[in-house]
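What follows is a single structure, written as structure tokens, with notes after it.
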Ligand SMILES: Cc1cc2nc3c(=O)[nH]c(=O)nc-3n(C[C@H](O)[C@H](O)[C@H](O)COP(=O)(O)OP(=O)(O)OC[C@H]3O[C@@H](n4cnc5c(N)ncnc54)[C@H](O)[C@@H]3O)c2cc1C
């Protein structure tokens, strides 16, 4: 039983999808105690108003024009002040790029510890514990956090949340003391991906490897990705060859993804690639080599030429979507 504070990431006028799964999981774990959401940013009131429906009993907002963009020191300071005020047992956030930067900073300010990138949370002997893949997913460990509160970042798409009990969602504006000179100034935010789905949050991904042979050939995935609402990923070999930008790289030195569906096309299944995607719930491999290692990890395997299989898949998707 624990009061749980959930940091809900806010960007582009809305809270990110990770808020839904974190609040849903918090509701499941709180066992009658309070689930409190915190939203930090500028003009967050509208977004905060929807969090009761996702399970928050209370929503604390830190709303200041200086927080329009992520400023590490200001956000860490604001979050730590909210933690001091709410005194939760557990603080949850997404293991997004922002969350991975913010949580260790905020935990340090609260003299607390953080377990990063957990894929599950459960009640243990010493309160809430996490489950975390280690050594590129070769083993899974239980992590208990020996501090009060306990901070956890959770890998996106770790929980399937259905039919969450709504909370009151009472909104409380928190007047955080913010440093006039936080030591950072955000001059410009440049999005590398435009409107495409962020790989680390995507629930479906279609990825290509060296076998794509050119940047243009990556366009083969565009229609299928659009029809499925999927993000497009790449192996490092494809990135190194200049077929795809590094922002699309999945793996040990790229992004860690955790979608419901991962379709690997012409990817051999090297350990460094698996490190970034092996926790995907369903893995489909398309490879013309029946002995490719990826098939040992695939839920479904198609032995075939991706240049034939992907157009057939796209055609099937088109039919399903227009029926
Ligand atoms: C320190 C380190 C870090 C690394 N980090 C990463 C990382 O983050 N991510 C990553 O992906 N890799 C990483 N790598 C590289 C990794 O070891 C592999 O070299 C890489 O993943 C291979 O990419 P690939 O599967 O696209 O290419 P290949 O290994 O060349 O495999 C191509 C596959 O495509 C199949 N194929 C060929 N043509 C077709 C076709 N027409 N239709 C269907 N199948 C076809 C082949 O049978 C083969 O299995 C790292 C390596 C090191 C040493």
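Using a basic spin-label model with each label point 7 Å from the Cα along Cα→Cβ, how many nm lie between residue 49 and residue 272?
Between residue 49 and residue 272, the label points sit 5.0 nm apart.
Go ahead and run the numbers for FRET between residue 296 and residue 28, Cβ-Cβ distance against an R0 of 25 Å, rounding to 0.05.
That gives a FRET efficiency of 0.15.
Counting every Cα pair in the range 255-323, what percent are over 21 Å apart?
28 percent
Order these peptides, 87-99, 258-270, 285-297, by their mean beta-carbon neighbour count within 10 angstrom, highest first.
Ranked from most to least packed, the peptides come out as 258-270, 87-99, 285-297.
At a Förster radius of 22 Å, what calculated FRET efficiency corresponds to the Cβ-Cβ distance of residue 246 and residue 160, to the nearest 0.05?
0.15
Full-extension gain between residue 66 and residue 120, please, as 0.36 nm times their residue separation minus the C-alpha to C-alpha distance.
Result for the pair: 16.0 nm of gain on full extension.
Packing-wise, with mean Cβ within 10 Å as the measure, how do 49-56, 118-125 rank, highest first?
49-56, 118-125
How high is the relative contact order of the range 60-184, given as a whole-number percent (alpha carbon pairs under 8 Å, six or more residues apart)?
34 percent
Can you tell me how much longer the chain between residue 139 and residue 214 gets when fully stretched, taken as 0.36 nm per residue apart minus their C-alpha distance, in nm with one decimal?
23.5 nm
For the range 12-164, divide the Cα radius of gyration by the Kirkwood radius and give the resulting Rg/Rh value with two decimals.
Reported Rg/Rh (Cα atoms, Kirkwood Rh): 0.94.
Using only the Cα atoms of the range 83-140, each taken as one equal point scatterer with no solvent, compute I(q) by the Debye sum, divide by I(0), and report log10 of the ratio at q = 0.12, 0.14, 0.16 Å⁻¹.
Taken in order of the listed q values, log10 I(q)/I(0) reads -0.32, -0.44, -0.57.
Work out the FRET efficiency for residue 288 and residue 227 from their Cβ-Cβ distance, taking R0 = 25 Å, and round it to the nearest 0.05.
0.55
Once the Cα gyration tensor of the chain is diagonalised, what are the square roots of 5 times its eigenvalues, in whole Å and ordered largest first, as equivalent ellipsoid semi-axes?
Square roots of five times the eigenvalues give 37, 21, 19 Å.
What distance in nm separates the two pseudo spin-label positions at residue 190 and residue 87, each 7 Å out from Cα along the beta-carbon direction?
4.8 nm
Bear in mind that the values in this text are calculations on the coordinates, not laboratory data. Quantities reported herein were computed from a predicted structural model and do not represent experimental measurements. Cβ atoms come from the backbone with ideal geometry, glycine included; neighbour counts cover every protein chain shown.
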